Every structure is written in C-alpha cells, then in structure tokens.
Amino acid sequence: MFIGHFGIGFGAKKYAPKLSLGTLFIAAQFLDLLWPTLLLLNVEHVEINAKNAKVPLNFTDYPISHSLLLVLLWSFLFAGLGWLIRKDARTAVILGVCVLSHWILDLIVHFPDLPLYPGNSTKFGFSLWGSVAGTAVVEGIIFILGLVWYLQSTRAKNAAGKWGIWLLAGLLVLAHVSSLFGPVPPTVKAIAWAGQLQWIFVILAYWVDHNRRYFKS
C-alpha cells in the first residue's frame, strides 16, 4: 500500500480544511515515514527475499511503527497535537483517523505480519498483496477518490496551484509504478533511504496546498 495512503490524505482535506495537505500527508503516511528512520537506527528490521519479485520484503519486526497498540498511541498523539494547535475537535479527530487509517489499509494488503502489540503478538494481514491486480484496483480507487475529493474541495489561486497538483499526483503514481516494477532493493539501507524520499511528496503537498484555497462545494 503506497498511493492509497496518500489518497486518504487528499480526501481528508474535504473534512479538515484548516489543515494543509502536507500535514494530512504526514498523518496518513506517518507509519511509513517513521519506519525508514527506525530501519536506519536498527530498531526495526526487514528481510529482502530476492526470489519473490512480487513482494520482495519480509517485514520481520516493526512493533513501534506498525503494531496496532502503538499506532493507536500515534493516532492519539496526532489528535492531541491537532487540538492543541487548532483548538478544533473535528480537525483533531481527522488527524487521528488519518494515522489509524494507515494500519487499516495495510491490514487489507499485507501478508500476516502486522502485530497487535510489541512482543510475542499474533500477526494479521488479509494478503491482498497476493494479487497484483487486486491491490492495484483497491489502491487506485482510494487514490482517485481522494484526489477527486481534493479537487472538488479546493480551487487554484494561481498557475502553481493549477498545475502543481497534477505534478504531485503524477510523481506519486510514477513512484508507485516504479516500486511495483523496479528492481529488488539491494540492501536494507537502500530501502530506508528510499523511504526518506517520501518527504519530497510532503514538501510538494505543502507547496501545492499553499497555492490553492478551500472551496466549500
């Protein structure tokens, strides 16, 4: 699951107009923004299975970023920060839901590797990754719906706002396709550093949203 998470960020703008798209991207993709750093610190771990080109990563250990218990904690922290900064209950709830949505979407596609809590927990996943077509359809629907909602909820202030959104969406799709059909990552460090590149999408989202205005349809 990749562009599906960003689709949630796009769609959430309709319900949280006070928040920048960049902030919504951070919330919806927070678990996968945190995970690469924990990989680099050797706190969480992943194995590369080059023989399985379709799903070459075996997520062996990621309790801080992807256990349900900690995800709930991250969700409450984001909601709390949203409340402290905006003093708006709806905004706070949307932030928390965006964070939690990541685990729910991962649950749909992952093989059973998502723990409920750190330690010796039963792991869950509905294994949609076993079907490339099925995964593409689910992610595509979420991404397109989210993008449509964002476009319905905002209007461009200038040329940057008009064309920037298509640049952002295009780069997200390109990154997604590259991850599906690109070569198997050579090392875990390569995976971690590639994951850090997601911050480019966050920065672009702040720029795009700055050049658009909320439009209540």
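The values are calculated or read from the model by the stated rules, or taken from the named source; none is laboratory data. Quick caveat, the model's predicted, so the values are computed rather than measured. In this analysis, Cβ positions are derived from the backbone assuming ideal geometry, glycine residues included, and neighbour counts consider all displayed protein chains. The protein model used for the area step is the full one, side chains on, heavy atoms only, and it has no ligands, DNA or RNA in it. Shrake-Rupley method; radii C 1.70, N 1.55, O 1.52, S 1.80 Å.
Taking the stated definitions as given, is residue 126 aromatic (Phe, Trp, Tyr), in a loop (DSSP other than H, G, I, E, B), free of Cβ contacts under 8 Å to residues at least 24 places away in the same chain and surrounded by fewer than 20 Cβ atoms within 10 Å (Cβ to Cβ)? It is true that residue 126 is aromatic (Phe, Trp, Tyr), in a loop (DSSP other than H, G, I, E, B), free of Cβ contacts under 8 Å to residues at least 24 places away in the same chain and surrounded by fewer than 20 Cβ atoms within 10 Å (Cβ to Cβ). The residue list 106, 113 contains one member that is in contact with a Lys or Arg (Cβ under 6 Å, 6 or more places away or on another chain) and in contact (Cβ under 8 Å) with a residue 24 or more places away in the chain, which is 113. Do we have any residue at all in the stretch 12-24 that's within 28 Å of residue 208 (Cβ to Cβ), in contact (Cβ under 8 Å) with a residue 24 or more places away in the chain, open to solvent by 50 Å² or more (accessible area, probe 1.4 Å) and of a type in the set (Val, Ile, Thr)? No, because not a single residue in the stretch 12-24 is within 28 Å of residue 208 (Cβ to Cβ), in contact (Cβ under 8 Å) with a residue 24 or more places away in the chain, open to solvent by 50 Å² or more (accessible area, probe 1.4 Å) and of a type in the set (Val, Ile, Thr).
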